[in-house]
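Asker: First the structure, which I've put down as structure tokens, then a few questions once you've had a look.
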Amino acid sequence: MDDRDGYRSPFSARYASEEMQRLFSERYKFTTWRKLWVALARAERTLGLDVTEEQIAEMESHVDDIDFAVAEEREKTVRHDVMSHVYAFGKVCPKAEPIIHLGATSCYVGDNTDIIIMKNAAGLILAKCAAVLRNLRAFALEYKDLPCLAYTHLQPAQLTTVGKRATLWMYDLVQDVEELEFRLSRLKLLGQKGTTGTQASFMELFGGDEQKCKELERLIAEEMGFDGTVPVSGQTYSRKVDAYMLAALSGVAQSAYKFSGDMRLLQSFEEMEEPFETGQIGSSAMPYKRNPMRSERISSLARFVIADAVNPAMTAGTQMFERTLDDSANKRISVAEAFLATDAILNIYINVTSGIVVYDKVIQRRVMEKLPFMATENIMMKAVKAGGNRQQLHERLRVHSHAAAAAVKLEGKPNDLVARIAADPAFGMTEGEISALLNPTLYTGRSASQVTEFIRDVADPVIGRYPPVSAPDLKV
């Protein structure tokens, strides 16, 4: 069948990076199986089993040259993927063939490889989260003083700054990084627990020596780059591990979703814009349109990851006794695609945050349209200081504000609230005096200071843990 005649995953064709796809490739999976078989053989030799250095060296020299055709042909007969690859490995390692997979069960290579892949994939996710934070850091500092409308209930409330809003996006992602780091710090190999988790086969191999069974696992974990193995298990590692990891990925997706939603609204307001290529077409029907298609793709993929996180949670809850196989088909799809989709989200997030366009004149105009309403409390306080009655002034401001708003909304007139207040003798203020209170910087509170403090105390320590990554070659 030609590639064009069958289903192709959008993650490989359009979305996920090559480095993330490589981690979930068959080659990476099966070479890791072989590395685990080498680690097992080496540990068994160290602990006195009849395994030779020559056998180990032979296995090491053939870790990468997998004959997939031989394995696939064998699987047609035996209907077992692990034994098919034991067979293929043995074909190129005739001296080692008798001891490959000695004492092991399928989950030794299958589950330990899954853990190794998740560890490396999570490392890539963390590096890309840091790249987004690095971009947003520069953006927040550049615009920490630029006043803009802040919203509650999606209605203009008070003022914030463009840079302060960026720290909200950053803090969400910082929390995701810390959560994923925590999950990685708790991640352990399954080790070699045997068919039901009792290590019975190794007790047989080591003549009942429990210390050697424990040392075997320590040696394997050390060789594979882990500080230990799970203390107890059935045949598999607890599927709660998958649920924890995908919950952390869901957190990243949630944060990106929030950012993309804000960007889509800001682009609708014409305050900001995601990068737009010179020759990019926004609409097939409306040539003038500049659609936020990158942010929309983040939103779309984020929904997938958030929903996908339910899969391993259900799997973890439905495993029976020491293991059932109803996890397998679901697990190989849900876990891989959660990482691939999160990777795709972050690739776009990096791209967008590296080139956000800010239209400061539009932002200023929109601020000044609403600022007279937001300044009414300061106007009232100044009038009270001059001898006015607070309660009476509050009522007059309410009436004037509603009248001015009605003129704007119903008649399309400019906001004349300042003129209305100046004409009211109860306030005793000129238009000039009132206009002096309409400096937006008077209404942003500690926004600028919060930006610098947050970046110094919270964001920079997180960003500093990860070296810069090159910008992804985005396929959009």
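The values are calculated or read from the model by the stated rules, or taken from the named source; none is laboratory data. No experiment lies behind these values; they were computed from the predicted model shown. Using ideal geometry, Cβ is built from the backbone for each residue, glycine included, and neighbour counts are taken over all protein chains shown.
Asker: Inside region 359-403, can you point out the residues that are small (Gly, Ala, Ser) and within 45 Å of the chain's Cα centre (by Cα)?
Answerer: Ala375, Ser401
Asker: Then there is this: Being closer than 16 Å to Glu433 by Cβ and of a type in the set (S, T, N, Q) is the filter here, so list the residues in region 363-419 that pass it.
Answerer: Scanning region 363-419 gives Thr376, Asn378.
Asker: Moving on. Just for region 125-145: of the residues that are over 30 Å from Val335 (Cα atoms) and in a helix (DSSP H, G or I), which one is nearest to the chain's Cα centre (by Cα)?
Answerer: Arg137
Asker: Mind listing whichever residues of region 182-218 are in contact (Cβ under 8 Å) with a residue 40 or more places away in the chain, surrounded by 17 or more Cβ atoms within 10 Å (Cβ to Cβ) and touching a helix residue (DSSP H, G or I) at 6+ places or on another chain (Cβ under 7 Å)?
Answerer: If the condition is that a residue be in contact (Cβ under 8 Å) with a residue 40 or more places away in the chain, surrounded by 17 or more Cβ atoms within 10 Å (Cβ to Cβ) and touching a helix residue (DSSP H, G or I) at 6+ places or on another chain (Cβ under 7 Å), then Arg183, Leu187, Leu189, Leu190, Gly191, Gln192, Gly194, Phe202, Phe206, Leu216 are the ones that fit.
Asker: Does region 438-457 contain any residue that is free of Cβ contacts under 8 Å to residues at least 24 places away in the same chain, touching an Asp or Glu at 6+ places or on another chain (Cβ under 8 Å) and not assigned by TED's automatic domain parsing to the domain that holds Tyr171?
Answerer: no
Asker: Go through region 348-422 and tell me which helices (runs of 4 or more DSSP H), entirely inside it, have 2 or more residues that are surrounded by 16 or more Cβ atoms within 10 Å (Cβ to Cβ) and modelled with pLDDT of 95 or more.
Answerer: 360-374
Asker: So how many residues does region 40-51 have that are touching a residue at least 12 places away in the same chain (Cβ under 8 Å) and surrounded by fewer than 21 Cβ atoms within 10 Å (Cβ to Cβ)? It would help to see each step written out before you state the result.
Answerer: Taking region 40-51 first, the residues touching a residue at least 12 places away in the same chain (Cβ under 8 Å) are 40-44, 46-51.
Next, from what is left, pick out any that are surrounded by fewer than 21 Cβ atoms within 10 Å (Cβ to Cβ): 42, 46-50.
Summing the residues that are touching a residue at least 12 places away in the same chain (Cβ under 8 Å) and surrounded by fewer than 21 Cβ atoms within 10 Å (Cβ to Cβ) in region 40-51 gives 6.
Asker: Inspect all residues belonging to region 186-195 and state whether any of them is among the β-branched types (Val, Ile, Thr) and at pLDDT 95 or above.
Answerer: Looking for residues that are among the β-branched types (Val, Ile, Thr) and at pLDDT 95 or above, one finds none in region 186-195, hence no.
Asker: Would you confirm whether any residue within region 146-153 is buried (at least 23 other Cβ atoms within 10 Å of the Cβ) and outside any helix (DSSP H, G or I)?
Answerer: Scanning region 146-153 turns up at least one residue that is buried (at least 23 other Cβ atoms within 10 Å of the Cβ) and outside any helix (DSSP H, G or I).
Asker: So if I check each of His153, His62, His85, which one is over 35 Å from the mean Cα position of the chain (by Cα) and either farther than 16 Å from Tyr28 by Cα or free of Cβ contacts under 8 Å to residues at least 60 places away in the same chain (or both)?
Answerer: His62
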